Amino acid sequence: MSSALVVVDVQNDFCPGGNLAVKDGHEVVEGINAIRDSSEFSHVIFTRDWHPQDHVSFARNHPNQPEFSKKLVNGLPQTLWPAHCEEGTVGASFHEDLDVRDSDFIYSKGTSKDWEEYSAFGNSEMGKFTTFAEELRSRGISKLYVCGLATDYCVCETAIDGADQGFSVVLLEDLTRGIAPDTTRRAKARMRSAGVEIQTVDQLV
């Protein structure tokens, strides 16, 4: 069995100047590029939000609902975000300096208009699962090193779901950035409780 570096959503809309920018999000790029060829990783995987224009998470699709407000959708609280990472747009493209190669596996998530998918594994609260776990197992991958954006949303949910699916998961915390300090702290506590190991790059064997 082998290990994979899973780079979560390092896309233009989540970097400075983007529609849903994470503060200093671009700072993870250099470090990710520096470690991607490590012998620790048999595979390099990039996930990306790839939303249709009418995605349920976009505030503009909910009349009279402001951005960053919450609304019950499918019986669950949904944060209504600015439109972001719309399929085929510049905002959905990976950061221009990110080293993405033809041999890498790119996995698109959030492609259904009807539900949110922070995690590459799907929306477990709704029982909607993607093929991501299947894709990993078909490649013989058993261990995931997760990094990217944002620590307190898509990185956290992907890491926790990976652990729940039986993968060994390590968060490379210095190659992530969060939206807010308090939610980032809570996210790391949740990850630890789920069995995710938290490391820095210099702890890689």
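Computed from the coordinates by the stated procedures, all read-outs in this text should not be read as laboratory data. Just so it is clear, the model here is predicted, and its values are computed rather than measured. Cβ placement follows ideal geometry from the backbone for every residue including glycine, while neighbour counts extend to all protein chains displayed.
For the chain, list log₁₀ I(q)/I(0) at each q in 0.14 Å⁻¹, using the Debye formula over Cα point scatterers of equal strength and ignoring solvent, two decimals each.
Listed by q, the Debye log ratios stand at -0.77.
Which one, SER69, SER57, SER42, has the greatest fluctuation when you compute a Gaussian network model over the chain with C-alpha springs under 10 angstrom?
Comparing SER69, SER57, SER42 in a Gaussian network model of the chain, the most mobile one is SER69.
Expressed as a rounded percentage, what relative contact order does segment 2-102 have, with Cα pairs under 8 Å and six or more residues apart?
35 percent
Choose one of GLY91, TRP115, SER103: the residue whose Cα lies farthest towards the positive end of the charge dipole of segment 72-119 (beta-carbon charges +1 Lys, Arg; -1 Asp, Glu; about the Cα centre).
TRP115
Give the shape of segment 94-178 as rounded, prolate or oblate, defined through the alpha-carbon gyration tensor: a ≥ b ≥ c are the square roots of its eigenvalues, a/c under 1.5 means rounded, and otherwise the shape is prolate if a/b is larger than b/c and oblate if not.
Note, shape of segment 94-178 comes out rounded.
Using amide H atoms built in the peptide plane, which far-off residues or other-chain residues are under 5 Å from LEU171 H to H?
Here VAL146, GLU197, ILE198, GLN199 satisfy the definition.
Please state the charge dipole magnitude for the chain, taken about the Cα centre, from unit charges on C-beta atoms (+1 on K and R, -1 on D and E), reported in debye and rounded to the nearest 20.
Value, rounded to 20: 620 debye.
Tell me which lysines have Cα within less than 21 Å of LYS23's Cα, excluding those fewer than 8 residues away on the same chain?
Reachable lysines: LYS188.
With all pairs of different alpha carbon atoms counted, what Kirkwood hydrodynamic radius in Å does segment 1-92 show?
About 15.0 Å, per the Kirkwood formula over Cα pairs.
Which whole-angstrom value gives the distance between the alpha carbon centres of segment 124-178 and segment 28-58?
For segment 124-178 versus segment 28-58, the Cα centre distance is 11 Å.
Does segment 134-203 come out rounded, prolate or oblate by the C-alpha gyration tensor, with a ≥ b ≥ c the root eigenvalues, rounded set by a/c under 1.5 and, if not, prolate when a/b is larger than b/c and oblate if not?
Prolate shape, in that a/c is at least 1.5 and a/b is the bigger ratio.
Once every Cα of segment 113-155 carries one equal point scatterer and solvent is ignored, give the base-10 log of I(q)/I(0) from the Debye formula at q = 0.18, 0.21, 0.29 Å⁻¹, two decimals.
Each listed q corresponds, in turn, to -0.62, -0.81, -1.08.
Enumerate the lysines that LYS113 could reach by cross-link, defined here as Cα to Cα under 21 Å, with residues fewer than 8 away along the same chain left out.
LYS70, LYS71, LYS128
Counting other Cβ atoms within 10 Å, keep those with at most 14, restrict to DSSP loop, and tell me which chymotrypsin sites (Phe, Trp or Tyr not before Pro) in segment 56-117 are left.
Here the sparse-neighbourhood loop sites are PHE68.
Suppose a student asked you for the relative contact order of the chain, using Cα pairs under 8 Å spaced at least 6 residues apart; what percent would you report?
Result for the chain is 25 percent.
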